[in-house]
Each structure stands twice: as C-alpha cells, then as structure tokens.
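Let me begin by presenting the structure, written as structure tokens, before commenting on it.
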Amino acid sequence: MAHGGLHIEVRGTVQGVGYRPWVYQLAQRIGVAGRVWNDSRGVSIDAYGTREALDGFLAQLQAGSPPAASVRSVTCSELSDADLDAFTIAGSATSSERRVSIPADLATCDDCLRELLDPDDRRYRYPFINCTNCGPRYSIVYGSPYDRAKTSMARFTMCDACRREYESPSDRRFHAQPNACPDCGPRLVAMTPQGNHVETDDPIRFAARALRAGLIVAVKGLGGFHLACDATSPQAVQRLRERKHRETKPLAIMVPDLAEAETLAELNDEERALLVSIERPIVLAKASNSAPAPAPGAGGLSEATLIGLFLPYTPLHHLLLRDAGMPLVMTSGNFSDEPMVTTNDDALHQLGEVADLFLMHDRDIVTRVDDSVVRVIAGAPTLIRRARGYVPHAIETRREFAEPILACGAHLKNTFCIASGTAAFLGPHIGDLESVATLHAYESAIERMKEFIGVSPKLLVHDLHPDYFSTRYALAESGVRTIGVQHHHAHVASVMAEHGLDGPVIGIAYDGTGFGTDGTSWGGEILIARYAGFERFATFRAIPLAGGDLAIRQPWRIALALLDDAFDGEPPPFEIFARKDVETVRRMIARNFNSMPARGVGRYFDAFGALFLNMPDAHYEGEVAFQWNLIADPSCGADFPVRVSEAQAGKPVLHEIDLRPTMRAAVDAYLHGVSPATISARFHNTIAAVTAKLALEARAMHGELPVVLSGGCFQNARLAESVIDAIGGNVFMNRGVPPGDGGIALGQAFIAREIAACA
Ligand code: ZN
Ligand code: ZN
Ligand code: FE
C-alpha cells in the first residue's frame, strides 16, 4: 500500500478553541501518525499514513472543525514518508510574529451543560464549568499569546484532577485555559448592597428567590455586570427603570431556552439559529402578543414592538434561569449612560442604589464586553452592536495592509479597528465617548488589542469632526501619521470592506449626523464612492437644528422647522407645540443663531414621528425615530409626493431630495383622520422610492455599479428591505459590522490604506 506524508497548515481562529485535541482524535480515528502544534499563524500538522488515510484526514479537516473554531483556510504540501506509529500534540513553536487572534468568548456547550446538571458529576452546579469548546476567552485575557498565565485565571492553581484533564490530549479539557472546579476555581458569593456576605450555601438559589420576590439582582456575567429582575412583573421592571434612570429604552430579556423564546416573539429560522448560536447575541425580533411589555410604547401607540431576547451563555445564567423559573430582564449593569461595570468594587459603589442583591465572584473581567445585538434584515443577520462572541474575530481582506493602521472610529457607539496583514480587528463596542469612564475604557481596549495582535500602528485614522474625542485621541498621538476620513464615506467603505467590493459603488449613507467636508452636518448622502475618494450624487434638503444637540432630545424643534419650511411659516396648529417656546425657536432659526443646518435622514424620522405621534421630546437619541419606524403599517404600499431638485452646473451635489411636499401631504392626511400607522408607512415608502429612483439614475449615469447601504437608518428593517426591493439586485448592506457608527472604524481603515498607498 502506498504511504506518504502531508504538511498541513490551518489558518483562522484555531487556537484556544479545542482545535488540536480535535485533530488528535481525528488522527486516532482515521489511523494517521504524526503531530499537530500551534504555530505563529494558526495550527500546523505533519501527517503520515496510507494515501487513503491521508486523503480522508485532509477531507475531514476541510469539511469540519470543533464548534468554536473558525477555519479560514487549509493548505497542504507533500512530505516524504516518515516511520512514525503514533500521533502527538507537540508544544507550540514560538515566534515573534503573532498573528493569531485571541478567541472570542464562547457560550456554554452542551457537554458542559449536561455535567452542570448531573448530580453525580464533580462539577454539578458549578457556575464556572467550561472546556475547550466553551467558556470565557477574550474577556479574561490581558496578554498574548493566549495562555492561562496571561488571563485572570492565573491566580487559581489547578487541583490534581483539573490538571490531569488539562494535560491529557484525549480529554475535552486539554489545554482549556480557564479550566476549574469547585475545589480549585472561582467562587460565587451573594452580597448585600452594603458589601456584607449573605450566609448561604447556594448563592444562586438565594438570588433566584430574591428575583421571584420582585427584587433587583446585580449579576456578574462574562463581560460585565447585568441588572436582573423578573421580566413578567411590571412592578419589578418599573422599579428597575426608575432606579436605573432608564424610563423607556427597551430592556433585553433572557429566556431559559428556545421554546420559551417562541412564546415571547414571532421567530423566523434565522432568528432561531442566532439565538442558539455559540455567540449568543441579543436578537431583536417581533414581540408576540403575550410578551411582557419590554418598553412602554409611544403613549400607548406602539402596536408592533421589537423585543430583545437572548439565551443563557454562562453556566451561572443557566442555573439562575432554571432556579428562578421565569424570563429575566438582563440589562447592562450601569447607571444611565456610563459603561457597564466590571469590577466587584465598582458594582457595589455604582449599583448600590439600584440593586437589592449582588451575585458576584472572584474571577476578574479584564476587558469589558457588552452583549452583542443582532437583527435579521432582508433575510440575513446584521450586527447592531458588535461585542461579546464576535470580538476579536478578524474581518479578512484579500489585499494586505502594508503597515498596521489604527482607525479610531466615530463618537457615538464607538468601536475602533486595528488592521494588520490581511486582517482587520474591530474592538468591542465601547459606547458613546462622553464620560471619563468610557474614555478610559476606549484607551485601554486599544492598548490591549495592540498587545494581542503584536503591532504598534504608525498610521492613525479619524473622523473629520474636530470635537470628537476619537479625533482628538488620534491627533494627540506623536510620531505617527494621521488621516481624516469623511463620516459617510467611511460608512460606505465599511460595506465595501465587508463584501470585498473595490468600487466604484453607489453608496447610500443615511444616519443622524456626520461632519461633512464643507463643515456642515450631513446624513442623507448618496455618493459615488471608491476607497480613494467620492463625489456627492444626492443629499437631503437641510433642516435647521435650533439649539444644536438639544434639538435631538427635543425633536419638536425639528418638526417645527420642517413644518415652517413646508408651509412657508404658516403651518396648521399641532398639539405638540402647546407649552413649548415656539417663538424663541423661530427667532433662533430666523437669525441663524445656534441653528446648524442638518441633512440627516434620521432627523426627518424624528420630525415626522414627533409631529404625528405627538412625542415632542425624546429620552434618548433616536427614540422618536424608532417609534416612528415601529408603528408603520406593514400592509400599506402607498406613498406621498416628494421633490428632487437638480442642482445648477458647478454645484458639488447633483440632486437635493426635498420632503416639503411629503410633509404637506402627510399633514393633509392627518387632518383627514388618516392614522399615524398609515402615515408612517407612506413616509417610509416615500423615502425608499426616492432613494431607489436616485440609485437607478446614478446607475444610468455611471454604469451598473453595486449599490451599498449603510448608516444607522438602515437598522430600520422596513426601510432597508424596501430600498433593496425597489432597486432590484446587486445591493449590499452591513452584516458583520453595524450599519450605525459602530461600523465606521472598519471603513476608515480601508480608506486610509488606499490613501496611504497613493500618497
Ligand atoms: Zn464546554
Ligand atoms: Zn479543580
Ligand atoms: Fe453615522
């Protein structure tokens, strides 16, 4: 029989995810000798055996992987036969070049769950059970390469039983870095808000009783603290909202399993798959009628509501959900807009007034990782917030980055991106760069990511907005080059990067606001874009924002400006302006005092929503626009008139979308008793129709270019889906990074690579 050898290289996320033991077991099964080891870029294998065995071995490597691994490529070359009769797992080859990503945090696997619930298992009800296929990773690592000594598990010395598992190649805990048991690992405690230990031999059962009694429990999770309460108790939820100063934002709900999720939401196949995926994101889905109201609707108007659901992803969650016996609100443990707390001390200090009980432990969270949020749009998942389970997985590119680039991102919902080699690593969702704690989180997450990838970027990319903290951060760095990238250009480039489009594309970027190259606020942009640059094809007519950012929290101001514009200063009276200082706002606009003109499509959503839902004020940015989206009647296909004006020759923008006729028609419909649900649907249809029309016009001028959709407005599934439908084919949108400002950094990195190469 013919014998031979193969050298095989496996690339992707294959370290820290049980890949070598998996290969070992595969080799045993097929009867292949040789060895497997971690190298600087992934895993290498030398395999020897019969031709038939080698072919089968290679085929299995190409076809499958352990659940947590993500294989990018398997390449092989011939070796001459060697006289080996065993297969071994060899030590790691060390190298100064570190391109291997730290694994992302992994939801508890089925094997561990079975042991967790088995009274005869030595880890029965042990809330820190894990294995090579599951458990904490990125959130507990502070250095590279990924090894127990560089994680917050370093202080726990493995007992003999755990060490045997850790060292045995055939064990499913072989080199599981966070391996632990009740004898040697982290411990759980229940504490009062005053910091006193609660005497109990089962803190989880104790916490579950507290939850059943309607109390609020702060729970230390994987990437930060959650605040938990009984989701079926309106009183408990209301108390949580009041104490957390979060009156209206939707709250995520954790359910024990898929069956329970089905009772709370109308799920499709994609949503089901996401709920049970190893990343375990929060999935936004349509709430069923029996769902507890996660957010009070807009004055009782909200009929269709989105609900954010997720399944347990740590052993602690599994036990808590089972013992409590009901779905739990699990919202980020923070106070107002501060970042989620990660340390026990901060929890007691910052959440002492919010929580009645603390469930915490002595395994430190090294890097804060928020829950990821996903929504299915046009039949496929789109990440709305990218963090736990996804970070630090790289986004791959065919063309190499000649030098490492740090893209600093935008201001709200910030993420950053470090690109090096053929990979772009997005950092975790950091949040709005507005509080000292958030700025600190931003800087330290950047430092850790540099360390993980082993690079020191010499090119920094920032938004054009001079006041963004991320811009100032980039410009304050010395000894590096910096490049400023326009906000909507970056949005468009983020889609190009994800889908491997080199441009030109027709880029549609609709959001709330972004700094334009002319210093004004853009946000309704249709661009003809390449990485190296763009021209503006169309934009929306500007609306003055009286009071600047204040108008975003008080959208009645924008509604007034839009109404006055549409009705030449003499609009019909509307309820929302009662008790508002209408004349001051009018004077500000007339004198152009603190009334920056803005073109953001999100502002139009705010204005229409404020007016027809009678919501003069928003509790948070985008609240009214969100409600305006939710209320739209799905069965209504009609639209309103809209005007597109052509610019004179020499103007930087060719078309301006003018919604004054739309506003007049909407007001007319309203005065004739047409429902807000229908007006909203017709408003959505109008925006979609005019967008598609202009995209097709751009194609007529520039050829059959791909169309890409980005910007926070495309988190609105109805808008995205109707634009995609109306354009027809060859349309792309963000999937693996958020359409909102959380995806900006990726686009920045790709644009900077191009500009740096041309310079
Ligand atoms: Zn496991
Ligand atoms: Zn142990
Ligand atoms: Fe934006």
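Annotations
- Considering the range 732-759, and only residues there that are open to solvent by 10 Å² or more (accessible area, probe 1.4 Å) and closer than 28 Å to Glu621 by Cα, the residue that is farthest from ligand 2 (Cβ to nearest atom) turns out to be Phe732.
- Of all residues in the range 129-173, those that are buried (at least 21 other Cβ atoms within 10 Å of the Cβ) and either small (Gly, Ala, Ser) or not assigned by TED's automatic domain parsing to the domain that holds Leu113 (or both) total 2.
- Candidates in the range 67-105 are the residues that are among the β-branched types (Val, Ile, Thr) and farther than 21 Å from His393 by Cβ; of these, the one that is modelled with the highest pLDDT is Thr88.
- Strands (runs of 3 or more DSSP E) fully within the range 174-238 counting 2 or more residues that are within 30 Å of Ile307 (Cβ to Cβ), away from ligand 2 (no atom under 16 Å from the Cβ) and open to solvent by less than 10 Å² (accessible area, probe 1.4 Å): 217-220, 225-230
- Among the candidates Ala532, Ala561, residue that is at pLDDT 95 or above, surrounded by fewer than 19 Cβ atoms within 10 Å (Cβ to Cβ) and not assigned by TED's automatic domain parsing to the domain that holds Asp432: Ala532
- Residues that are open to solvent by 10 Å² or more (accessible area, probe 1.4 Å) and touching a residue at least 60 places away in the same chain (Cβ under 8 Å) within the range 678-696 are absent altogether.
- Counting the residues of the range 112-143 that are in a loop (DSSP other than H, G, I, E, B) and under 21 Å from Met449 (Cβ atoms) gives 4.
- Every listed requirement among (1) surrounded by fewer than 24 Cβ atoms within 10 Å (Cβ to Cβ); (2) in contact (Cβ under 8 Å) with a residue 60 or more places away in the chain; (3) hydroxyl-bearing (Ser, Thr, Tyr) is met by Ser494 save one, (1).
- Check on Glu396, part of a loop (DSSP other than H, G, I, E, B), open to solvent by 30 Å² or more (accessible area, probe 1.4 Å) and in contact (Cβ under 8 Å) with a residue 24 or more places away in the chain: no
- Candidates Leu321, Leu359: the one that is at pLDDT 95 or above, assigned to a strand (DSSP E or B) and aliphatic (A, V, I, L, M) is Leu359.
- Count - residues of the range 369-393 that are under 22 Å from Val141 (Cα atoms) and not in a loop (DSSP other than H, G, I, E, B): 1
- Flag for Gly728 being in the same structural domain as Cys417 (by TED's automatic domain parsing) and away from ligand 2 (no atom under 16 Å from the Cβ): no
- Scanning the range 585-632 for residues that are farther than 17 Å from Cys713 by Cα, open to solvent by 50 Å² or more (accessible area, probe 1.4 Å) and out of contact with any Pro (no Cβ under 6 Å at 6 or more places or on another chain) yields a count of 11.
- Residue count for the range 186-238 under the criterion of being at negative phi and either touching a Ser or Thr at 6+ places or on another chain (Cβ under 6 Å) or of a type in the set (Gly, Ala, Ser) (or both): the result is 15.
- Of all residues in the range 564-579 being of a type in the set (D, E, K, R) and open to solvent by less than 60 Å² (accessible area, probe 1.4 Å), the one that is nearest to Asp511 (Cα to Cα): Asp565
- Taking the criterion of being touching a strand residue (DSSP E or B) at 6+ places or on another chain (Cβ under 7 Å) and more than 16 Å from Thr691 (Cα to Cα), the residues of the range 635-659 that qualify are Ala647, Pro652.
- Residue satisfying all of: in the range 151-173; of a type in the set (D, E, K, R) and not in a loop (DSSP other than H, G, I, E, B); farthest from ligand 3 (Cβ to nearest atom) among these: Asp160
- Entirely in the range 406-520, the helices (runs of 4 or more DSSP H) that have 2 or more residues that are within 21 Å of Ser710 (Cβ to Cβ) and more than 16 Å from ligand 1 (Cβ to nearest atom): 469-476, 487-499
The values are calculated or read from the model by the stated rules, or taken from the named source; none is laboratory data. This is a predicted model, so every value here is computed, not measured. Cβ coordinates were reconstructed from backbone atoms using ideal geometry, including for glycine residues, and neighbour counts include every protein chain displayed. Accessible surface is based on the protein model in full, side chains and every heavy atom, while ligands, DNA and RNA are left aside. Shrake-Rupley method; radii C 1.70, N 1.55, O 1.52, S 1.80 Å.
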